[in-house]
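Enquirer: Below you'll find the structure I mean.
The values are calculated or read from the model by the stated rules, or taken from the named source; none is laboratory data. Nothing here was measured: the structure is a model prediction, and the numbers come from that model. Glycine also receives a Cβ, built like all others from the backbone with ideal geometry; neighbour counts cover every protein chain displayed.
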Amino acid sequence: MPNCAQYDKLPSLQPLLFNPCCYTCQDYTWALGKKEIAAVKPELVVFSDRNSRNFQCGLPLSCSYMLNFDNTQMAKRVFSGFRPTGKQHIGNYLGTIQNCVSLQADYDCVYCVVDIHALTTLESTEALQEDVYEMVLDWLAAGIDPQKSIIFVQSHVPQVEELHTLFSMLTPLSWLLRVPTFKEKVKMQPQNVNYGLVGYPVLMTADIALYKGEVVPVGEDQLPHLELAREIVRRFNSLYGFVFPEPQAKLTSFPLVAGLDGVQKMSKSYNNHIEIAASPEEIMTRVRTGFTDPARRYRSDPGHPEACNIFALHKFFTPARVEEIASECRHASIGCVDCKKILARSISSALEPFREKRAVFVAKPNYVTEVLAEGANRAQAIAEETIKEAKEKMKLPRRVNLGDIRE
Ligand code: TRP
């Protein structure tokens, strides 16, 4: 064990220690009173109180010598939620998953599968478990790393339901009835305009706020929800005192990936997608069904790559040859069938490392379950602290344990 003099040097090690997620190691995380030991290396320990984000560093248990870390340089927390949609497709991959993977380098990331949100629109919950499993498996194989990020299922940390209820008391109904996604849903499912649908953005606010998320990577359609989230936490903070940072949207430059039908964006519900876990043969079959430039009826007709969604996919998957392919298409020196074969091969080879990693994880039958169990534990530890803090600030009557008042 190092002595106290050696601990003087610790601040200079700060960058090493900052991101507790990076250093929370499954084998070494345990609770010590109110503090969570965020990182343990043989020679030093970092204690964290994740909510106040006060980091302290020192010897475990016996050493009274503690250093308070300057936490201003701490990585900001990213929070994002995703509805469980089962196996992911290349639109999800290029748009969302890759972004989540790269955010891990600069942020303290929390990624949540929002199964409760899914209940607002689901007709049946039969496939829910499977959809969560397949989606998380794809995330892990694509590089979302449970050593760096917290990955968990929304309903596994029920404190979100509690915070949702508390927030619902300070959210005017008029704000919620104005939300564009709510109005859309009312049109789409007039037979099922449930209470949860109106409260959707309140639950989403609770998601983010429970983990004190500051940065929320989302697509444009979610901006009104984020605006509302800021208004709700602002209202909480001004009524009861500061607890929650105002979350900022981080618009991801989502490349809009066209579906194989050439009309809609790629989506499972239009069945115009290619799964990232698809085998090379399956990729070939799917690509073969893809629509191409409608003006090119015969092999000898010159094509218009800019109007062809197979070409649009070449831009992502065959970047080194796009110019060449465009020109060959324009001069009709390549036919659509060959062009599709090239595309299928480039998609296949781009996704090969992913398929290999996925196969390794599939071979470990409990892997996903373990990741989610660990994620739920870590998420819940943060959630409990936040709820406690919120209730205290709200001056809700304290619950006292009988043991504390009886002799
Ligand atoms: N509303 C988001 C969607 O439909 C999902 C979501 C739920 C979410 N909670 C969130 C996104 C919190 C970001 C942050 O895609």
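Enquirer: Look at Val202 and say whether it is surrounded by 14 or more Cβ atoms within 10 Å (Cβ to Cβ) and part of a loop (DSSP other than H, G, I, E, B).
Expert: In short, no.
Enquirer: Filtering segment 93-117 down to residues that are away from the ligand (no atom under 15 Å from the Cβ) and in a helix (DSSP H, G or I), which residue is farthest from Ile144 (Cα to Cα)?
Expert: Leu94
Enquirer: Any residue in segment 74-89 that's over 13 Å from Ser267 (Cβ atoms): show its pairings with residues that are near the ligand (Cβ under 6 Å from one of its atoms) and in a loop (DSSP other than H, G, I, E, B) at Cβ separation under 6 Å, as long as the two are six or more apart or on different chains.
Expert: Listed by first residue and then by second, the contacts come to Gly81/Val114.
Enquirer: Let me ask something else. Within segment 366-373, identify whether any single residue is hydroxyl-bearing (Ser, Thr, Tyr) and modelled with pLDDT of 95 or more, and answer yes or no.
Expert: Taking every residue of segment 366-373 in turn, at least one turns out to be hydroxyl-bearing (Ser, Thr, Tyr) and modelled with pLDDT of 95 or more.
Enquirer: Give just the number: which of (1) at pLDDT below 95; (2) closer than 22 Å to Val136 by Cα; (3) in a helix (DSSP H, G or I); (4) not polar (S, T, N, Q) does Asp221 not satisfy?
Expert: (2)
Let's see how each residue does on (1) assigned to a loop (DSSP other than H, G, I, E, B); (2) charged (D, E, K, R); (3) without any contact (Cβ under 8 Å) to a residue 40 or more places away in the chain:
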{"position": "Asp338", "(1), (2), (3)": "no, yes, yes"}
{"position": "Pro353", "(1), (2), (3)": "no, no, yes"}
{"position": "Phe361", "(1), (2), (3)": "no, no, no"}
{"position": "Ala390", "(1), (2), (3)": "no, no, no"}
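Enquirer: May I pose another question? Check whether at least one residue in segment 263-285 is crowded, with 17+ Cβ neighbours inside 10 Å, in the same structural domain as His331 (by TED's automatic domain parsing) and more than 24 Å from the chain's Cα centre (by Cα), and report yes or no.
Expert: Looking through segment 263-285, at least one residue is crowded, with 17+ Cβ neighbours inside 10 Å, in the same structural domain as His331 (by TED's automatic domain parsing) and more than 24 Å from the chain's Cα centre (by Cα).
Enquirer: Follow-up question, since we're still on this one. Quick check on segment 146-169: of everything there that is under 20 Å from Asn194 (Cα atoms) and hydrophobic (A, V, I, L, M, F, W, C), which residue is surrounded by the most Cβ atoms within 10 Å (Cβ to Cβ)?
Expert: Val160
Enquirer: Could I ask something else about it? Which one of these does Ala141 not meet: (1) touching a Phe, Trp or Tyr at 6+ places or on another chain (Cβ under 6 Å); (2) farther than 17 Å from Val368 by Cβ?
Expert: Single failed check for Ala141: (2).
Enquirer: All but one of (1) away from the ligand (no atom under 16 Å from the Cβ); (2) among the polar types (S, T, N, Q); (3) assigned to a helix (DSSP H, G or I) hold for Ser269, so report the exception by its number.
Expert: Unmet condition: (1).
Enquirer: Now for a separate question. Which residue, of Thr120, Thr125, is within 14 Å of the ligand (Cβ to nearest atom) and in contact with a helix residue (DSSP H, G or I) (Cβ under 9 Å, 6 or more places away or on another chain)?
Expert: Thr120
Enquirer: Return yes when Gly290 is at positive phi and at pLDDT below 95 and no when it is not.
Expert: In short, no.
Enquirer: Let me ask you something else. Can you tell me which residue among Glu384, Glu328, Glu323 is of a type in the set (D, E, K, R) and either outside any helix (DSSP H, G or I) or under 27 Å from the mean Cα position of the chain (by Cα) (or both)?
Expert: Answer to the check: Glu384.
Enquirer: Okay, moving on. Within 12 Å of the ligand (Cβ to nearest atom), out of contact with any Pro (no Cβ under 7 Å at 6 or more places or on another chain) and of a type in the set (S, T, N, Q), is that true of Thr252?
Expert: no
Enquirer: Turning to a different aspect of this structure: For Arg234, indicate whether it is charged (D, E, K, R), crowded, with 17+ Cβ neighbours inside 10 Å and assigned by TED's automatic domain parsing to the domain that holds Gly91.
Expert: In short, no.
Enquirer: Return the only residue of Leu351, Leu343 being at pLDDT 95 or above, surrounded by 14 or more Cβ atoms within 10 Å (Cβ to Cβ) and under 30 Å from Gln129 (Cβ atoms).
Expert: That would be Leu351, the only listed residue that is at pLDDT 95 or above, surrounded by 14 or more Cβ atoms within 10 Å (Cβ to Cβ) and under 30 Å from Gln129 (Cβ atoms).
Every residue, every condition in (1) among the aliphatic types (A, V, I, L, M); (2) in contact (Cβ under 8 Å) with a residue 24 or more places away in the chain; (3) touching a strand residue (DSSP E or B) at 6+ places or on another chain (Cβ under 8 Å), yes or no:
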| position | (1), (2), (3) |
| --- | --- |
| Ile342 | yes, yes, no |
| Ser348 | no, yes, no |
| Arg358 | no, yes, no |
| Asn366 | no, no, no |
| Ile405 | yes, no, no |
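Enquirer: For the subset of segment 205-229 comprising residues that are of a type outside the set (A, V, I, L, M, F, W, C) and closer than 23 Å to Gln380 by Cα, which member is surrounded by the most Cβ atoms within 10 Å (Cβ to Cβ)?
Expert: Out of the qualifying residues, it is Thr205.
Enquirer: While we're here: Would you pick out the residues in segment 198-227 that are touching a Lys or Arg at 6+ places or on another chain (Cβ under 9 Å) and more than 9 Å from the ligand (Cβ to nearest atom)?
Expert: Tyr211, Lys212, Glu214, Val215, Pro224
Enquirer: As an exercise: evaluate Ile90 against (1) modelled with pLDDT under 95; (2) farther than 17 Å from Gln147 by Cα and give the number of the one condition it does not meet.
Expert: Failing condition for Ile90: (1).
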